[in-house]
Amino acid sequence: MTHWIDLDSTPIPGARETLHLRRWGEAFSIQVGTAELMTDQDRGSEQALATIPCERLADRPEPRILIGGLGMGFTLRAALGVLGPRAEVVVAELVPGVIAWARGPLAHLHGTSLDDPRVSLVEADVNRLIQSGPGRFDAILLDVDNGPRGMTRRSNDRLYDVWGLKRAHYALRPGGLLAVWSGSPDRRFKARLRRCGFAMEEIRFPAHPGGRRHVLWIGTREEKGAAASTV
């Protein structure tokens with residue numbers, strides 16, 4: 001019988017938990033304890049986190065995208081496949097070990113994306129980059145800590161609370177997009193998005209046939225006086 005094989009582990013800055021890279025046959029998984037954060041066997045929603053917002057930016061000749069969380073690189077690769085040659089993609093990854101895995105045992109998943117001239121990979125908390133100035137990004141894509149109901153760092157809650165969403169709104173250019181990936185639905189988070197000035201839509205993806213669903217929220221920065229969507 002095949003079991004998970006531990007390939008490596010790495011600490012998470014500011015957290016007690018440790019990330020583990022494991023393999024089962026041809027499948028790779030990043031886990032916290034025995035809880036799975038991501039796997040290369042189920043990547044559709046992570047890809048959609050990039051393709052849906054980036055396709056909506058087709059009329060912007062030089063879009064600037066911020067991706068929170070490198071993971072296994074599915075969101076980054078999907079974004080590069082949609083964006084034009086003058087786009088800029090900034091990827092913020094907090095955990096140095098995840099960056100090392102991208103150059104090592106998971107290099108086959110990342111392909112040439114990290115060497116793409118449009119990409120800047122920054123070892124940093126994405127929250128810091130969001131706060132770096134107003135109107136800096138056309139889209140912010142967040143796949144951090146399993147969504148608003150995090151598993152690893154309490155400080156990640158800052159991304160998803162009211163103040164975090166207001167900071168994201170401030171960091172977006174007019175009509176900019178905030179896309180958030182989550183392992184499960186969250187009605188309270190949907191309400192917070194609307195309260196913070198985003199026209200919001202929710203898209204659900206089956207994680208496994210007959211199983212729970214992953215969720216994407218796409219929020220569009222609205223100007224003052226605009227009415228929020230009731231989707």
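The values are calculated or read from the model by the stated rules, or taken from the named source; none is laboratory data. Fair warning: this is a prediction, and the values are worked out from it, not measured in the lab. Counting neighbours? That spans all protein chains shown, and the Cβs are built from the backbone with ideal geometry, glycine included.
Here is how the numbers come out for the structure above:
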{"item": "Looking only at segment 146-165, and only at residues there that are part of a loop (DSSP other than H, G, I, E, B) and over 12 Å from the mean Cα position of the chain (by Cα), the one that is modelled with the highest pLDDT", "result": "ASP161"}
{"item": "Any hit, segment 196-203, residues being of a type in the set (Val, Ile, Thr), touching a residue at least 24 places away in the same chain (Cβ under 8 Å), surrounded by 24 or more Cβ atoms within 10 Å (Cβ to Cβ) and within 19 Å of THR51 (Cβ to Cβ)", "result": "no"}
{"item": "Residue, farthest from VAL126 (Cα to Cα), within segment 166-192, restricted to residues that are modelled with pLDDT of 95 or more and of a type in the set (A, V, I, L, M)", "result": "LEU177"}
{"item": "Extreme residue, modelled with the lowest pLDDT, among residues of segment 23-36 that are among the β-branched types (Val, Ile, Thr) and either part of a loop (DSSP other than H, G, I, E, B) or in contact with a helix residue (DSSP H, G or I) (Cβ under 9 Å, 6 or more places away or on another chain) (or both)", "result": "THR34"}
{"item": "Check on ALA124, touching a Phe, Trp or Tyr at 6+ places or on another chain (Cβ under 7 Å) and closer than 19 Å to ARG64 by Cβ", "result": "no"}
{"item": "Residue list for segment 1-21, restricted to those being modelled with pLDDT under 80 and touching a Gly at 6+ places or on another chain (Cβ under 8 Å)", "result": "THR2"}
{"item": "Residue ID - farthest from ALA139 (Cα to Cα), chosen from residues in segment 39-53 that are without any contact (Cβ under 8 Å) to a residue 60 or more places away in the chain and within 13 Å of the chain's Cα centre (by Cα)", "result": "ARG43"}
{"item": "All positions within segment 38-48 that are part of a strand (DSSP E or B) and in contact with an Asp or Glu (Cβ under 8 Å, 6 or more places away or on another chain)", "result": "MET38"}
{"item": "Residue in segment 1-22 that is nearest to the chain's Cα centre (by Cα), counting only those that are touching a residue at least 60 places away in the same chain (Cβ under 8 Å) and not in a loop (DSSP other than H, G, I, E, B)", "result": "LEU19"}
